[in-house]
1. Which of the three applies to region 258-381, rounded, prolate or oblate, going by the alpha-carbon gyration tensor with a ≥ b ≥ c and a/c under 1.5 meaning rounded?
2. Say the dipole of the chain comes from +1 at the beta carbon of Lys and Arg and -1 at that of Asp and Glu; which of Gly69, Ser219, Val195 then lies farthest toward its positive end?
3. Provide the packing ranking of 345-351, 234-240, 355-361, i.e. peptides ordered by the mean count of other C-beta atoms within 10 Å per residue, highest first.
4. Once both labels are modelled 7 Å past Cα along the beta-carbon direction, what's the Ala171-Thr40 spacing in nm?
5. If one takes the longest principal axis of the Cα atoms in the chain, at what angle in degrees, from 0 to 90 and to the nearest 10, does the Cα axis of helix 162-184 lie?
6. For region 365-424 and region 271-296, what is the separation of their C-alpha centers, rounded to whole Å?
7. Modelled label-to-label distance, Ile384 and His159, 7 Å Cα→beta-carbon offset: nm?
8. Using Cα-Cα distances under 8 Å and only pairs 6 or more residues apart, what relative contact order does region 258-381 have, in percent?
Amino acid sequence: MMKTRRVIIIGLDGVPFGLIRDLSSAGVMPNTNAIISHSTFRPMRSSIPEVSSVAWSSIITGKNPAEHGIFGFTALNPQSYDLRFPNFNDLKATPFWDILDGTSIIINVPSTYPVRPMKGVLISGFVSIDIRKSVFPPSLLPTLQALDYRLDVDSEKGHKSLDLFLEDLDATLKARINAYKYLWNYADWQVFMLVFTGTDRLMHFLWDAYEDENHQYHSDFLDHFRKIDGVIGEIYAQLHDGDLFMMFSDHGFEKLNSEVYINYLLHREGFLKFRNPAQTTWQNIDDSTKAFALDPARIYLHFKHRYARGSVALSDKESILKDLDALFTSLEIDGKKVIKRVYRKDEIYSGPLMDTAPDLVLVSEQGFDLKARLNLEQLYGKRIFTGKHTLEDAFLLLRDTTTSLPQNLSVFDIKEIIFQFLKA
Ligand SMILES: [Zn+2]
């Protein structure tokens, strides 16, 4: 009898290629270093925008946002102007595990809340609200609760105390490890996928601790990766010959120098207006608004045909887009260019959901974190975060196989790599 071909995937949310390269060669991640020595290890491009919900939805479906429908963490209801958070129910493309014949164990992939029935086990990643809707099959719930399973790090703690945050990060990691160990032998699976998301949280709060050896939390930062490397080694040791083993991240990370508030700029330049300037809420957007931004830097024209109170005619589209392009490309802070690239939607998306796609998406220059808060106080500033996402330097680590990889690797290729292997 032919042995089932198996796929084992470890996801590390937000971890850049350069960090894996450096921590593995520096001895912090010795298991990863050993795997790299006989694997393909390459930088990989994220989705645009490079946020987790878009990137992971693209990874699990192999589709682009105009096909799967997830364009960001937020969406604005065109009738009520309520800001909402799209979830797994909004995903319009099929995740790979629903196409396969075999059983899949999928742990902690972001944007898979609420769970729905599938062949195997699905435990939602962030943003998950209620654990009872985060576990399939539901019969697993008591076991996970007994293991003190945690869906996500409590980031609120990070805003109060970094010590409390690190404690919570560690407890969450331990619980995730216990869950994976329990599920490893739970079923005769074809795909086992385990995602660590604490890495993203840690790098948002403490990227500075990674770069600065004298930082109070430098060794805590490294310890988190040391522990994850331990799990990587443990899983790797249990592989069968011929299993496909892959490890990757959904986007990269770098030092954050400044947050830049795009809606401040749009308001200052007269594109975004409020009915009552003292009330800067989404519901209070004035009819005469021409454009606004949703996180991180997706620009939507306030079209008549799309929004209940929209005032932009299709015939005005081209001139507004040109004005916006000029505004964004010339933006400088302290003599530094802020926006690297202004993408029009048809340059980056294609599919049946083009009509709901943002009209422009901005990609920042190094160090600038673009934000779409309705903040009318300042163009730029800095809060607690010291790290931010990047587009170009996610990574892919793939144990030697005959799998052929495209030259410009991106998160959209992951599903095809899995299918190429399983069909071979
Ligand atoms: Zn992410």
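The values are calculated or read from the model by the stated rules, or taken from the named source; none is laboratory data. Since the model is a prediction, treat every value here as computed from it, not as a measurement. Reconstructed Cβ throughout: ideal geometry from the backbone, glycine too, with neighbour counts over all protein chains shown. Only protein heavy atoms, including side chains, enter the accessible area calculation; ligands, DNA and RNA are left aside. Shrake-Rupley method; radii C 1.70, N 1.55, O 1.52, S 1.80 Å.
1. On the way: a/c = 1.78, a/b = 1.13, b/c = 1.57.
In terms of gyration-tensor shape, oblate.
2. So the residue we want is Gly69.
3. 355-361, 345-351, 234-240
4. Distance between label points: 4.2 nm.
5. Relative to the chain, helix 162-184 is tipped by roughly 50 degrees.
6. Value for the Cα centre distance between the two parts: 30 Å.
7. With each label placed 7 Å out from Cα toward Cβ, I get 0.7 nm.
8. Details: 204 pairs, mean separation 46.7, N = 124.
Worked out over region 258-381, it gives 38 percent.
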